[in-house]
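Engineer: Okay, here's the structure, questions in a sec.
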Amino acid sequence: MTRAVVSVPLMSVVVPVWNGEAVIRRCLDALSRQTIDRARYDIIVVDNGSSDRTADIVREYPDITLLAELTPGSYAARNTAIAAAGATLIAFTDADCVPAPDWLEAGLAAAAANPDFGVLAGQIDLFEEGAPGARVYADYERLFSFPQVHAARGNCATANWISRAEVLRALGGFDAALKSGGDRQMALRIRDAGHPLIYVPQMVVRHPVRADRAELVRKRRRLSGGRWDRTRDAPRLARVLGVTAVDTLRRLRRAAVSPGFSFGQRLAMMRLTLSLASVATGEFVRLARGHKAARD
């Protein structure tokens with residue numbers, strides 16, 4: 001009697017999702033159109049407690065694995081996938097992202113060229129969708145979001161990230177207690193363990209720009225919550241406010257001197273920088289009073 005040979009994929013692509021019915025199909029279609037053979041990778045979607053039709057949409061794809069993780073937070077969802085994945089390499093992207101057709105092909109080439117890598121952080125191109133807001137919001141996002149080119153400093157976003165499964169498991173995965181900021185924390189832990197963080201511009205993922213004020217405010221509250229949760233030493237409030245002040249000054253300078261923007265655009269970005277710094281300050285005060293970090 002001959003036994004059937006079960007093919008183990010070389011790479012597992014992990015997509016955490018929460019209430020993503022409006023975007024998940026676009027992401028999965030892009031992942032299904034990759035230029036490498038479909039047998040070389042599998043796709044794992046982790047539903048993080050959605051209350052919409054997200055899970056029903058994912059079930060329409062018979063070759064995609066759907067898992068559930070009810071602990072709130074994308075890092076808890078990613079850890080569930082890390083534990084379940086059978087591949088040697090694990091690639092992460094987000095439910096609202098659109099990977100380029102050759103994303104995985106470029107990732108495999110970079111992995112072969114850098115066998116000891118810790119993280120391969122690819123290029124993230126921003127695109128606008130929906131009704132556009134004022135120009136300043138898109139300008140601000142393009143200037144400050146996803147500095148993957150500085151991956152070696154720990155600026156690695158899970159919107160476009162590949163790691164070896166053994167490295168992720170050896171370090172215990174992401175900090176599931178965090179709602180934001182776990183990407184950088186995990187990347188720095190990987191670097192401190194001796195595995196290089198490498199920027200790979202050939203690995204391209206498209207990410208929607210947050211082109212209105214409400215979206216940017218939600219993002220800043222979420223990021224502030226992540227910083228609060230990562231800051232353990234006292235005086236906690238003073239520390240996070242100090243970091244925010246320094247970051248705000250850096251952003252003001254960058255907005256003032258970055259080429260390619262008119263004087264009016266620079267001034268508008270500087271005003272928005274100060275406004276979002278105020279949002280962060282208010283969120284830190286709220287958290288200091290015992291409230292929990294925002295999830296969205």
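Engineer: Could you count how many residues in the range 19-39 are in contact with a helix residue (DSSP H, G or I) (Cβ under 8 Å, 6 or more places away or on another chain), at negative phi and free of Cβ contacts under 8 Å to residues at least 60 places away in the same chain?
Structural biologist: Of the residues in the range 19-39, 5 are in contact with a helix residue (DSSP H, G or I) (Cβ under 8 Å, 6 or more places away or on another chain), at negative phi and free of Cβ contacts under 8 Å to residues at least 60 places away in the same chain.
Engineer: Which of the following residues is of a type outside the set (Ser, Thr, Tyr), out of contact with any Lys or Arg (no Cβ under 9 Å at 6 or more places or on another chain) and either modelled with pLDDT of 95 or more or closer than 16 Å to ILE90 by Cα (or both): LEU171, LEU252? Walk me through it before giving the result.
Structural biologist: Details: LEU171 fails: out of contact with any Lys or Arg (no Cβ under 9 Å at 6 or more places or on another chain).
Result: LEU252 is the single residue among LEU171, LEU252 that is of a type outside the set (Ser, Thr, Tyr), out of contact with any Lys or Arg (no Cβ under 9 Å at 6 or more places or on another chain) and either modelled with pLDDT of 95 or more or closer than 16 Å to ILE90 by Cα (or both).
Engineer: Let me ask something else. Quick check: is even one residue across the range 113-122 within 15 Å of the chain's Cα centre (by Cα), open to solvent by less than 30 Å² (accessible area, probe 1.4 Å), under 14 Å from SER12 (Cα atoms) and not aliphatic (A, V, I, L, M)?
Structural biologist: From the range 113-122, those within 15 Å of the chain's Cα centre (by Cα) are 119-122; that's our starting set.
From what's left, open to solvent by less than 30 Å² (accessible area, probe 1.4 Å): 119-122.
Those still in the list that are under 14 Å from SER12 (Cα atoms) too: none.
Scanning the range 113-122 turns up no residue that is within 15 Å of the chain's Cα centre (by Cα), open to solvent by less than 30 Å² (accessible area, probe 1.4 Å), under 14 Å from SER12 (Cα atoms) and not aliphatic (A, V, I, L, M).
Engineer: Now for a separate question. Tally up the residues in the range 216-273 that are open to solvent by 70 Å² or more (accessible area, probe 1.4 Å), under 15 Å from ARG142 (Cα atoms) and in contact (Cβ under 8 Å) with a residue 40 or more places away in the chain, please.
Structural biologist: Of the residues in that region, 1 qualify.
Engineer: Right, next: Of the residues ARG189, ARG184, which is open to solvent by 50 Å² or more (accessible area, probe 1.4 Å), part of a helix (DSSP H, G or I), at pLDDT 90 or above and under 22 Å from VAL98 (Cα atoms)?
Structural biologist: Details: ARG189 fails: under 22 Å from VAL98 (Cα atoms).
When all the criteria are applied, what remains is ARG184.
Engineer: Inside the range 238-296, can you point out the residues that are of a type in the set (A, V, I, L, M, F, W, C), under 18 Å from ALA134 (Cβ atoms) and not in a helix (DSSP H, G or I)?
Structural biologist: Going through the range 238-296, the residues of a type in the set (A, V, I, L, M, F, W, C) turn out to be 238, 240-241, 243, 245-246, 249, 252, 255-257, 261, 263, 267-270, 272, 274, 276-277, 279-280, 284-285, 287-288, 293-294.
Retained after the next criterion (residues that are under 18 Å from ALA134 (Cβ atoms)): 255, 261, 263, 267-270, 272, 274, 276, 279.
Result: PHE261, single match.
Engineer: Can you tell which of THR54, THR65 is touching a Gly at 6+ places or on another chain (Cβ under 6 Å) and either free of Cβ contacts under 8 Å to residues at least 24 places away in the same chain or more than 21 Å from LEU168 (Cβ to Cβ) (or both)? Walk me through it before giving the result.
Structural biologist: Working: THR65 fails: touching a Gly at 6+ places or on another chain (Cβ under 6 Å).
On inspection, the qualifying residue turns out to be THR54.
Engineer: Of the conditions (1) of a type in the set (D, E, K, R); (2) under 20 Å from the mean Cα position of the chain (by Cα); (3) surrounded by 15 or more Cβ atoms within 10 Å (Cβ to Cβ), GLU129 fails just one. Which one is it?
Structural biologist: Here GLU129 clears every test but (3).
Engineer: Moving on. Going through VAL13, VAL17 one at a time, which residue ends up being modelled with pLDDT of 95 or more, within 20 Å of the chain's Cα centre (by Cα), within 16 Å of GLY122 (Cβ to Cβ) and among the β-branched types (Val, Ile, Thr)?
Structural biologist: Details: VAL17 fails: within 16 Å of GLY122 (Cβ to Cβ).
That would be VAL13, the only listed residue that is modelled with pLDDT of 95 or more, within 20 Å of the chain's Cα centre (by Cα), within 16 Å of GLY122 (Cβ to Cβ) and among the β-branched types (Val, Ile, Thr).
Engineer: Hand me the list of strands (runs of 3 or more DSSP E) wholly inside the range 2-75 holding 3 or more residues that are open to solvent by less than 10 Å² (accessible area, probe 1.4 Å) and of a type outside the set (Gly, Ala, Ser).
Structural biologist: Numbers: elements: 11-17, 41-47, 64-68.
Hits in the range 2-75: 11-17, 41-47.
Engineer: Identify the residue in the range 69-90 that is closer than 23 Å to GLY226 by Cα, of a type in the set (A, V, I, L, M) and touching a helix residue (DSSP H, G or I) at 6+ places or on another chain (Cβ under 9 Å) and, among all such residues, is modelled with the lowest pLDDT.
Structural biologist: Of the residues in the range 69-90, the ones closer than 23 Å to GLY226 by Cα are 69-82.
Subset that is of a type in the set (A, V, I, L, M): 70, 76-77, 81-82.
Okay, now just the ones that are also touching a helix residue (DSSP H, G or I) at 6+ places or on another chain (Cβ under 9 Å), so 70, 82.
On the way: LEU70: 95, ILE82: 98.
Ranking the qualifying residues of the range 69-90, first place goes to LEU70.
Engineer: Return yes or no: is ASP175 of a type in the set (Asp, Glu), in contact (Cβ under 8 Å) with a residue 40 or more places away in the chain and under 21 Å from VAL15 (Cα atoms)? So that I can check it myself, show each step before the final result.
Structural biologist: Values: of a type in the set (Asp, Glu): yes; in contact (Cβ under 8 Å) with a residue 40 or more places away in the chain: yes; under 21 Å from VAL15 (Cα atoms): yes.
Yes: the conditions hold for ASP175.
Engineer: Of all residues in the range 76-98, which are closer than 23 Å to GLY182 by Cβ, surrounded by fewer than 16 Cβ atoms within 10 Å (Cβ to Cβ) and of a type outside the set (Val, Ile, Thr)? It would help to see each step written out before you state the result.
Structural biologist: Let us first name the residues in the range 76-98 that are closer than 23 Å to GLY182 by Cβ, namely 76-85, 87-98.
Next, from what is left, pick out any that are surrounded by fewer than 16 Cβ atoms within 10 Å (Cβ to Cβ): 83-84, 88.
If the condition is that a residue be closer than 23 Å to GLY182 by Cβ, surrounded by fewer than 16 Cβ atoms within 10 Å (Cβ to Cβ) and of a type outside the set (Val, Ile, Thr), then ALA83, ALA84 are the ones that fit.
Engineer: Would the range 149-158 turn up any residue that is open to solvent by 50 Å² or more (accessible area, probe 1.4 Å), without any contact (Cβ under 8 Å) to a residue 60 or more places away in the chain and of a type in the set (A, V, I, L, M, F, W, C)? It would help to see each step written out before you state the result.
Structural biologist: Quick first cut of the range 149-158, residues open to solvent by 50 Å² or more (accessible area, probe 1.4 Å) only: 149-150, 152-153.
Narrowing the set further to residues that are without any contact (Cβ under 8 Å) to a residue 60 or more places away in the chain leaves 149-150, 152-153.
Now restrict to residues that are of a type in the set (A, V, I, L, M, F, W, C): 149, 152.
For the range 149-158, residues open to solvent by 50 Å² or more (accessible area, probe 1.4 Å), without any contact (Cβ under 8 Å) to a residue 60 or more places away in the chain and of a type in the set (A, V, I, L, M, F, W, C): present.
Engineer: I would also like to ask the following. So LEU178 fits all but one of (1) over 28 Å from LEU216 (Cα atoms); (2) touching a Lys or Arg at 6+ places or on another chain (Cβ under 9 Å); what number is the exception?
Structural biologist: Only one criterion is unmet by LEU178, namely (1).
The values are calculated or read from the model by the stated rules, or taken from the named source; none is laboratory data. Since this is a predicted model, take the numbers as computed values, not measurements. Glycine also receives a Cβ, built like all others from the backbone with ideal geometry; neighbour counts cover every protein chain displayed. Ligands, DNA and RNA are stripped out before the accessible areas are found, and what is left, the full protein with its side chains, is counted by its heavy atoms. Shrake-Rupley method; radii C 1.70, N 1.55, O 1.52, S 1.80 Å.
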